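**Q** Here it is: the structure, laid out below.
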Amino acid sequence: MAGLEILPFQKPARTTEPCRSRYCTLTKIGPLLELRNIHKWFERVHAVNGVDLDIYPGEVVGLIGDNGAGKSTLVKIISGRLRPDEGEIFWEGHKVRISSVQDARKLGIETVHQERGLVDCFTVAKNIFLGREPRKAGFVRVVDYARMRSESEKVVSWLNLRIRPEQEVRFASGGEKQGVVVGRAMYFKARLVVLDEPTRALSVMGVEKVLGFTEALKKSGISCLFVTHSLGQVFRVMDRIVIIDRGEKKVDLEKARFRTVHELEEKIFQIITGDRR
């Protein structure tokens, strides 16, 4: 990306600020991202139907739903890969139009899609800087591979990944591949990271790595939308849960109200079935 300034990697500052959920009425800090009445059709299929969603600074929101519920469509709208047919998007209170991945990145939104967005035959360093390679000063402005490697070493070290910057990504485990993408988001100062089914097809150890990466994002004050179909996996790291079913938002609950995932599941069942007991 021409003109992009590559700064030396610094460990994100750890934050002691509490999560700014929409239930915290005492704070004057508004949402980082707001979706209002979002609709998306694919011919006769109403994939996203009037969804409202707020994500606050430093908050981890678990977006849950079965296959075909509309989760991935909503993610593509946030990341600029799809445009909504109706509705509004606000960033820090200002109305914005996210028409491309570049638009999302300019705001500070980085998305880890199900396919991860990695090139297996490229090294870890090349994947971290994919499309945003640092350039040497001068008329020709060739790629600064030495800087890519040294900066990648810092990212890999900070995330405790057991891989080398010069190693090809195809030799990394599933959890390590997710770590490379999360490291890329952190390096380029993302303010909101969207993880689209990050634990899909991972081993138990891989899932633990992804949850650890999510906790690292949260401690650094970076917001996260964790998209999954498994409530049990995301319960540990989330601050709030949003459930989408057939394109509609059915549940929006704060995790702090529940001591266990079982209590939360019972409440979700009551809401969806209309049971008021």
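**Q** Of everything in region 183-212, what is among the basic types (Lys, Arg) and at positive phi? Give them in sequence order.
**A** 189
**Q** Considering 86, 59, 110, which residue is acidic (Asp, Glu) and over 25 Å from residue 250 (Cβ atoms)?
**A** Sole residue among the options that is acidic (Asp, Glu) and over 25 Å from residue 250 (Cβ atoms): 110.
**Q** Can you tell which of 197, 166, 151 is surrounded by 18 or more Cβ atoms within 10 Å (Cβ to Cβ), more than 19 Å from the chain's Cα centre (by Cα) and not hydroxyl-bearing (Ser, Thr, Tyr)?
**A** When all the criteria are applied, what remains is 151.
**Q** Shifting gears a bit: Would you mind stating whether residue 131 is surrounded by fewer than 16 Cβ atoms within 10 Å (Cβ to Cβ), touching a residue at least 12 places away in the same chain (Cβ under 8 Å) and over 17 Å from the mean Cα position of the chain (by Cα)?
**A** Spelling it out, residue 131 is indeed surrounded by fewer than 16 Cβ atoms within 10 Å (Cβ to Cβ), touching a residue at least 12 places away in the same chain (Cβ under 8 Å) and over 17 Å from the mean Cα position of the chain (by Cα).
**Q** Looking at 172, 190 in this structure, which one is touching a residue at least 40 places away in the same chain (Cβ under 8 Å) and over 21 Å from residue 60 (Cα atoms)?
**A** Every option except 172 fails the conditions.
Quick grid of which residues meet (1) in a strand (DSSP E or B); (2) without any contact (Cβ under 8 Å) to a residue 40 or more places away in the chain; (3) surrounded by 16 or more Cβ atoms within 10 Å (Cβ to Cβ); (4) in contact with an Asp or Glu (Cβ under 7 Å, 6 or more places away or on another chain):
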residue	(1), (2), (3), (4)
53	yes, no, yes, no
58	no, no, yes, yes
62	yes, no, yes, no
66	no, no, no, no
76	no, yes, yes, no
81	no, yes, yes, no
87	yes, no, yes, no
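**Q** Something else now. Quickly run through region 212-237 and pick out the residues that are closer than 19 Å to residue 65 by Cα and more than 12 Å from the chain's Cα centre (by Cα).
**A** 229, 230, 231, 232, 233, 234, 235, 236, 237
**Q** Name the residue that is surrounded by the fewest Cβ atoms within 10 Å (Cβ to Cβ), counting only residues in region 103-120 that are closer than 19 Å to residue 196 by Cα and free of Cβ contacts under 8 Å to residues at least 40 places away in the same chain.
**A** Restricting to residues being closer than 19 Å to residue 196 by Cα and free of Cβ contacts under 8 Å to residues at least 40 places away in the same chain, the top hit is 115.
**Q** For the subset of region 139-195 comprising residues that are touching a strand residue (DSSP E or B) at 6+ places or on another chain (Cβ under 6 Å) and within 20 Å of residue 205 (Cβ to Cβ), which member is modelled with the highest pLDDT?
**A** Out of the qualifying residues, it is 195.
The values are calculated or read from the model by the stated rules, or taken from the named source; none is laboratory data. What you see is a predicted model, and the numbers here were worked out from it, not measured in a lab. FYI the Cβ positions are ideal-geometry reconstructions off the backbone, even for glycines, and counts take in every protein chain you see.
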